[in-house]
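What follows is calculated from the coordinates using simple rules that are stated; it is not laboratory data. The model shown is predicted, which means the values in this text are computed figures rather than measured ones. Please note: Cβ atoms are built from the backbone with ideal geometry, for glycine as well, and neighbour counts cover all protein chains shown.
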Amino acid sequence: MVKASNKSTRTKTCPIAKVANLLSDSWTMLIIRDLLNSPARFCELERSLSGVSSRTLTLKLKKLTQEKVITKDDVTHYYSITKQGENLGKVIDAMHGYGEKWL
């Protein structure tokens, strides 16, 4: 394990901190969950994520696209998970299992 000289540096370089920052809110994780199941258009995600505002969904989709976790087809307007995003499925599955067992 690499030791950082201060907390700020540690947060910027620690892989766990980076993933925690990416998945830091429930909407992001739920978007990934939905897109792991199948590609979806904005309106389909909005319906699936009851209570999310259009602005919040737009911002989350933009962030996930920038991080190359999802991609948007400009012709069909479908969002889909990337290979990089598929690997987050393990994290989502682990959280699902923990939630079922302990919460």
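Output the qualifying pairs, or none if there are none: Cβ atoms under 7 angstrom, residues six or more apart or on different chains, first residue in the stretch 60-75 and under 15 Å from Glu86 (Cα atoms), second residue in a loop (DSSP other than H, G, I, E, B). Correct list of pairs: Lys68/Thr82; Val69/Thr82; Val69/Leu88; Ile70/Thr82; Thr71/Thr82. Residues in the stretch 70-98 that are among the basic types (Lys, Arg) and assigned to a helix (DSSP H, G or I) were compared, and the one that is farthest from Asn21 (Cα to Cα) is Lys83. Taking every residue in the stretch 83-101 that is farther than 21 Å from Pro39 by Cα and pairing it with any residue that is assigned to a helix (DSSP H, G or I) and not acidic (Asp, Glu), at least 6 positions away or on another chain, the pairs with Cβ-Cβ distances below 8 Å are Met95/Met29.
Taking the stretch 35-57 as the range and being assigned to a helix (DSSP H, G or I) and surrounded by fewer than 13 Cβ atoms within 10 Å (Cβ to Cβ) as the test, the residues that pass are Asn37, Cys43, Arg47, Ser54, Arg55.
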